Amino acid sequence: MLGAGHVGPVIARLAIRAGYPVTIATSGDPDDIALITELVIPGAEPRWASDAVADADTVVLAIPLHRFRDVDPALLAGKLVVDAMNYWPVTDGVLEAFNDGGSTEVVAGRLPGSVVVKALNHIGYHELEDQARPAGTPGRRAAGVAGDDPAAVAAVAGLADRIGYDPVRLGSLRAGRVLQPGGPVFGVTLTRPEFERALYEDARSLR
């Protein structure tokens, strides 16, 4: 997990409950987040970013998008990267590279050595934890998973399922634009049928 703001700790807690070993890192010294990790994410291990990524199969990016420009692409080379970030001009400032199209497409373009999947970005962090339910629970909520690599999408769909959501696979990163701010499923928690209906009713999901 790269990022210890609002979203990162929630995903980390859900992953730990699902049985995943989790390391968490920020841009600084892991000692700076050791106490808050112990209190807020028991079971997670704070580490230097380079060490955390080196030992990980999957890396979740949950940092403010304007900070993404400081991430060395070589750090994430060879990794499955889950982009849980969103573009918020009010807080990030205007980032010209992200103004047209999908933010995760830009992220993927800057990480040529990684396989990037968009997921866990469209549900608010409070709801993400509160709405998680075991598989088979009536009314279980859905989580969109978008990517160009079918194996990577399947892996992240498995993660979403294990942490408490019915995964809905989208066919490409471009299709994942429906998951970002302004999209038909952003900021709401929907069951799988409701989620799929919203996608089909939105013209962008058919392009």
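The values are calculated or read from the model by the stated rules, or taken from the named source; none is laboratory data. In this text the structure is predicted, and so the values were computed from the model without any measurement. All Cβ positions, glycine included, derive from the backbone under ideal geometry; neighbour counts span all protein chains shown. SASA here: full protein model, heavy atoms, side chains in, ligands and nucleic acids out. Shrake-Rupley method; radii C 1.70, N 1.55, O 1.52, S 1.80 Å.
Quickly run through the stretch 83-104 and pick out the residues that are closer than 14 Å to Ser172 by Cα and in contact with a strand residue (DSSP E or B) (Cβ under 9 Å, 6 or more places away or on another chain).
Asp83, Gly102, Ser103, Thr104
So which residues in the stretch 40-62 are open to solvent by less than 70 Å² (accessible area, probe 1.4 Å), farther than 16 Å from Glu105 by Cα and in contact with a strand residue (DSSP E or B) (Cβ under 6 Å, 6 or more places away or on another chain), if there are any at all?
Correct list: Ala44, Pro46, Arg47, Ala49, Ala52, Val53, Thr58, Val59.
Within the stretch 128-139, does at least one residue satisfy the condition of being of a type in the set (Asp, Glu), touching a residue at least 12 places away in the same chain (Cβ under 8 Å), more than 17 Å from Arg197 (Cα to Cα) and in a helix (DSSP H, G or I)?
Yes, that holds for at least one residue.
Could you list, in sequence order, all residues of the stretch 102-126 that are open to solvent by 30 Å² or more (accessible area, probe 1.4 Å), touching a residue at least 60 places away in the same chain (Cβ under 8 Å) and over 19 Å from Met1 (Cβ atoms)?
Residue satisfying the conditions is Glu105 alone.
Please go through the stretch 175-196 and pick out each residue that is part of a loop (DSSP other than H, G, I, E, B), farther than 13 Å from Gly124 by Cβ and under 15 Å from the mean Cα position of the chain (by Cα).
Of everything in the stretch 175-196, just one residue is part of a loop (DSSP other than H, G, I, E, B), farther than 13 Å from Gly124 by Cβ and under 15 Å from the mean Cα position of the chain (by Cα), namely Gln180.
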